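Below is one structure; the comments refer to it alone.
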Amino acid sequence: MGRVLAMLTAAAAVVACSVAAVMVRGRVKRRRKWRKVVGLLKDLEESFETPLGRLRQMVDAVAVEMQAGLVSEGGSKLKMLLTFVDDLPNGRERGTYYALHLGGSYFRIIRVHLGGERSSLEVEDIERHSIPTSLLNSTSEVLFDFLASSLQKFIEKEGKESSSSQDVKRELAFTFSFPVKQTSLSSGVLIKWTKGFAISEMAGEDIAECLQGALDRRGLDIHVAALVNDTVGALSYGHYHDPDTIAAVVFGTGSNACYLERTDAIIKCQNPRTTSGSMVVNMEWGNFWSSRLPRTLYDIELDAESLNSNDMGFEKMIGGMYLGDIVRRVILRMSQESDIFGPISSILSTPFVLRTNSVSAMHEDDTPELHEVATILKHLGVPKVQLKVRKLVVKICDVVTRRAARLSAAGISGILKKVGRDGSGGGEGRRRSIGKQMMRRTVIAVEGGLYSNYKMFREYMDEALRDILGDDVARHVVIKAMEDGSSIGSALLLASSHSVRTISNI
Ligand code: ADP
Ligand code: MG
């Protein structure tokens, strides 16, 4: 009996030792895996770093590329497109005007009534709809017929008492957020699609004519009287309310900027035919490129798998369409290289399955247990991860968004440098002491869903602007956020350029 007991005791001791050994091995293994994840995070942070020195080099590069793009056609990846807009709205416009705005994710239709002074601007109706994804790779006919039918419904809905129920032809501005080579204020040809649009055989087509054709086919008595890039619409709206506005930047599905340039600086344009001595230039800054951009493995892969590879490199680092996908790629890689996210999720392997609005929701999740992060990860096929892993995901969102916001700030500072409003006194990057009287108040109009809905993006951008410009200069630079400015502004621009008035003003 005694021997049996001794044997059992010995066996139990052996089992206990083995269990302890397995537990210790498990803990050591887990710790080693976590260390690997920490290493991956460190690599991520390093590769996404945007130190001030690098941002300043980018500012210089933006200004240099702007200059090159103004000198000759194809002189830079920045297209620096002429817009034929030489006068911006000033508040004295009158009449009723329409705008149809095709963005990257949404289209909007608006009707505005202008009474001849700023305070009388009335947005009488506005509609905003998601662009059906089936349109993105449809045909020109399908796209423009869809837009025409949406406009038809909008018009049919107008009340009889509306100031727009009229005998005079309706005047419409077409706000278009893709690169167009303008041939006049009311015409221009598509250079290429961006932001996931891939409608074949449209490059080289006159966009305003395409829309006019679709409206005519439906028997709609509407005249497409202006073709306006969305940034130019935003600048018009900004300038209407505040004449110190000299540039506009859109941070939405994609990103782009325009600014007011002296015509004598637009060397590639032999005969600018402007009366004001300046013209708005559409930079198409999404295509900016510089060796100073912190390009990572994730950017390279995203670009290679995109519909427009080797194109729009800057937009792919800062645009709302892409930030979610960069975060997704990072999480996927970490889940492939460690098991902290559990088995590799097939959902997580799907391009664009993580949207940027989910990135901001995770980034700004202020619940102690990070419930929002847990819910979004669950939708990505990654249920039940530890709190420390959820915190890691928040950190990834932070790293990706911070880089985007800081690069955006460098882009804006590049414009300021080009127009001599960065406080450097126009020197070659040399920072001179600034006499306060030299600095003029400078307003940059900003709009887009990424900027308006993502607080951390805004905060990082503001912080980087102050870092780059210094407090003394940054104090004179006002970033003014606007909602629907590009749609409303296009209608204002049309009003300021157009002499035909609606019957309500006759
Ligand atoms: P469009 O690009 O069609 O003109 P918006 O300016 O409204 O439309 O931008 C829409 C884009 O803004 C979305 O595709 C998304 O990338 C981004 N966005 C919208 N809401 C959020 C959000 N809450 N957080 C972060 N990004 C957002
Ligand atoms: Mg937009």
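The values are calculated or read from the model by the stated rules, or taken from the named source; none is laboratory data. Model, not experiment: these values are computed from the prediction. Backbone-built Cβ (ideal geometry, glycine too); neighbour counts: all protein chains shown. We work out accessible area using only protein heavy atoms, side chains counted, and drop any ligands, DNA or RNA first. Shrake-Rupley method; radii C 1.70, N 1.55, O 1.52, S 1.80 Å.
Of the options A265, V477, V385, report the single residue whose Cα projects farthest towards the positive end of the charge dipole of the chain (beta-carbon charges: Lys, Arg +1; Asp, Glu -1).
V385
Considering the dipole of the chain built from charges on the beta carbon (Lys and Arg +1, Asp and Glu -1) around the Cα centre, which of I331, I110, Q212 is farthest to its positive end?
So the residue furthest toward the plus end is I331.
Using the Cα atoms as the points, what is the convex hull volume per residue of region 201-331 in Å³? Intermediate results must be reported in sequence, preceding the final value.
Working: hull volume 25.2 nm³, N = 131.
It comes to 192 Å³ per residue, whole-number rounded.
Please figure out what share of the DSSP beta bridges in the chain is antiparallel and state it in percent, rounded to the nearest 5. Before the final figure, lay out each step's value.
Values: 34 of 56 bridges.
Percentage antiparallel, nearest 5: 60.
Which helices of the chain meet both criteria: a Cα extent of 30 Å or more along the helical axis and a mean Kyte-Doolittle score no lower than 0.0, with helices taken as whole DSSP H segments? Working shown, then result.
Details: long enough: 2-47 (67 Å, 0.34); 387-418 (47 Å, 0.48).
Correct list, ordered by number: 2-47, 387-418.
Only Lys, Arg, Asp and Glu count, each charged at its Cβ (+1, +1, -1, -1), so figure out the dipole size of the chain about its Cα centre, rounded to 20 debye.
Numbers: 65 positive and 60 negative charges, 567 e Å.
Charge dipole, the chain, about its Cα centre: 2720 debye, nearest 20.
Which entries in K36/K378; K268/K480; K316/K417; K33/K195 show an alpha-carbon gap greater than 27 Å? List each step's numbers first, then the result.
Working: K36/K378 23 Å; K268/K480 31 Å; K316/K417 23 Å; K33/K195 37 Å.
Among K36/K378; K268/K480; K316/K417; K33/K195, the Cα-Cα distance tops 27 Å for K268/K480; K33/K195.
Would you please give the FRET efficiency between Q152 and R32, computed as 1/(1 + (r/R0)^6) with r the Cβ-Cβ distance and R0 = 51 Å, to the nearest 0.05? Before the final figure, lay out each step's value.
Numbers: r = 64 Å, r/R0 = 1.26.
Working from the Cβ atoms, E equals 0.20.
Taking the Cα centre of region 288-392 as origin, sum charge times position over the Cβ atoms of Lys and Arg (+1) and Asp and Glu (-1), and report the length of that vector in debye to the nearest 20. Don't jump to the answer; show the numbers that get you there.
Working: 12 positive and 14 negative charges, 43 e Å.
Dipole magnitude for region 288-392 comes out near 200 debye.
Can you give me the convex hull volume of the Cα atoms of region 67-189, divided per residue and expressed in Å³? Don't skip to the answer; put the middle values down first.
Values: hull volume 18.4 nm³, N = 123.
Taking the convex hull of the Cα positions in region 67-189, it is 150 Å³ per residue.
Provide the solvent-accessible area of I267, counting protein heavy atoms only and rolling a 1.4 Å probe, rounded to the nearest 10 Å².
90 Å²
Consider just the alpha-carbon atoms of region 160-277 and return their Rg together with their Dmax, both in angstrom.
Final numbers for Rg and Dmax: 16.5, 50 Å.
Based on the Cα coordinates of region 304-397, what is the per residue volume of their convex hull in Å³?
90 Å³
Where the centre of each part is set by its Cα atoms, how far does region 446-487 sit from region 206-228, in angstrom?
Between the Cα centre of region 446-487 and that of region 206-228, the gap is 35 Å.
Give the lysines whose C-alpha is closer than 26 Å to that of K153, dropping any in the same chain fewer than 8 places away, or say none.
Excluding near neighbours in sequence, the set is K169.
Rounded to the nearest angstrom and ordered from largest down, what semi-axes does the equivalent ellipsoid of the chain get from its C-alpha gyration tensor (root of 5λ)?
Working: eigenvalues 507, 156, 77 Å².
Working through the eigenvalues yields semi-axes of 50, 28, 20 Å.
Hey, can you find the accessible area per residue of region 265-354 for me, probe 1.4 Å, expressed in square angstrom? Write down the numbers at each step before the final one.
Working: 3560 Å² over 90 residues.
Heavy-atom accessible area per residue stands at 40 Å².
Tell me which of A234, L55, M279 sits at the most positive position along the dipole axis of the chain, charges placed on C-beta atoms (Lys, Arg +1; Asp, Glu -1).
L55
Going by accessible area, probe 1.4 Å, with all protein chains left in place, what is the ranking of R333, R35, largest first? Before the final figure, lay out the partial values.
Details: R333 75, R35 155 Å².
Output order, biggest surface exposure first: R35, R333.
Run the quick spin-label model on S119 and D471: label points 7 Å from Cα toward the beta carbon, then report their separation in nm to one decimal.
A separation of 3.7 nm, rounded to one decimal place.
Mean residue ellipticity at 222 nm from the helices of the chain, using -39,500 (n - 2.57) per DSSP H segment of n ≥ 4 over the full residue count, to the nearest 500 deg cm²/dmol?
Values: 15 runs with 222 residues, N = 506.
Calculated from helices alone, the mean residue ellipticity at 222 nm is -14500 deg cm²/dmol.
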